[in-house]
Amino acid sequence: MESSSRRILALWLPRLPTDRLKRRWKASGRPDKRPFVVAGKTGSALRLTAVDAAGAKLGLYPGKALADARAMTPDLAVTRANETADTKLLEAVADWCERYTPLVALDPPYGLLLDVTGVAHLFGGEKAMLQEIGRAVASQGFSSCMALAGAAEAARALAHYAPSAVVAPGGEADAVAPLPTEALNAEPHVIHALKRAGLKTVGQVAERKRHELAARFRGDF
């Protein structure tokens, strides 16, 4: 890899809201071992915005109605969403990541993008760097998923849907092609429209010409 090739590491903290509160509980000496979720208001209903690992194993997921979650899991610890606190913590993690590179950008709501161009060799290579960051983040009480590629969009998509991927320069298109259309990070109604048309992967969307998509989905895009 030439040192001039741009390399972006996407770090995603999928359980940041629940991890934030669990870290606080642990520090105060009052851990709660119950399945734990964070809920916020969406429209007129309270829905889950974050779920810890124990809750996920029970079938709970972000977007599920809180009432349904309580019916499934009566012994459920619930806290209201606090986006301000989550953002503040994400910014703190970004500051911490500057030990790896000074070029760190927020990728809300729970992600970071690190430009690691030309620095990975200082940590034993790209795969070793991912492993080191993963261990360090886990030791601080965070769940994380990461990926590394030559473009931010590809790194982000892979962190979400193919974590631990390290894509060689120029291999981004092939790497993201098998990912589900959700990896495009588009609005929900756009993803729904694509799926309705039988386009289930990023590769299938990429195969369509832009004017074909515009004509097919004029009312959806």
> Given R₀ = 41 Å, FRET efficiency for Asp68-Ala168 by Cβ-Cβ distance, to 0.05?
Replying inline: 0.40
>> Just to be sure I understand the model, the point goes 7 Å from the Cα along the line to the Cβ. What's the resulting Lys88 to Lys41 distance in nm?
In response: 2.2
> What is the distance, in nm, between label points placed 7 Å from the Cα along the Cα-to-Cβ direction at Asp32 and at Lys200?
Replying inline: 3.9
> For the stretch 23-153, what relative contact order do you get, as a whole percent, if you take Cα pairs closer than 8 Å and at least 6 residues apart?
Replying inline: 15
>> Please report the accessible area of Arg34 (heavy atoms, 1.4 Å probe, ligands and nucleic acids excluded) in Å², nearest 10.
In response: 90
> Does the stretch 1-46 come out rounded, prolate or oblate, given a ≥ b ≥ c as the square roots of the eigenvalues of its C-alpha gyration tensor, rounded meaning a/c under 1.5 and, failing that, prolate meaning a/b above b/c?
Replying inline: oblate
> Quick one: accessible area per residue over the stretch 33-79, 1.4 Å probe, rounded to a whole number of Å²?
Replying inline: 53
>> With equal scatterers on the alpha carbons only and no solvent term, can you work out the Debye log10 of I(q)/I(0) for the stretch 72-128 at 0.12, 0.25, 0.27 1/Å?
In response: -0.44, -0.99, -1.07
>> Need one number: convex hull volume per residue for the chain, Cα atoms only, in Å³.
In response: 142
>> For the stretch 154-206, what does the accessible surface come to per residue with a 1.4 Å probe? Please give it in Å².
In response: 50
>> For Cα pairs less than 8 Å apart in space and 6+ apart in sequence, what is the mean separation divided by the residue count of the chain, i.e. the relative contact order in percent?
In response: 22
> Counting only protein heavy atoms, what percent of the accessible surface of the chain is carbon or sulfur at a 1.4 Å probe?
Replying inline: 52
> With all protein chains present and a 1.4 Å probe, how do Tyr100, Tyr110, Tyr161 order by accessible area, largest first?
Replying inline: Tyr161, Tyr110, Tyr100
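The values are calculated or read from the model by the stated rules, or taken from the named source; none is laboratory data. Every value quoted in this text rests on a predicted model; they were computed, and no experiment measured them. Cβ atoms come from the backbone with ideal geometry, glycine included; neighbour counts cover every protein chain shown. In case anyone asks, the SASA skips ligands and DNA or RNA and just uses the protein heavy atoms, side chains included. Shrake-Rupley method; radii C 1.70, N 1.55, O 1.52, S 1.80 Å.
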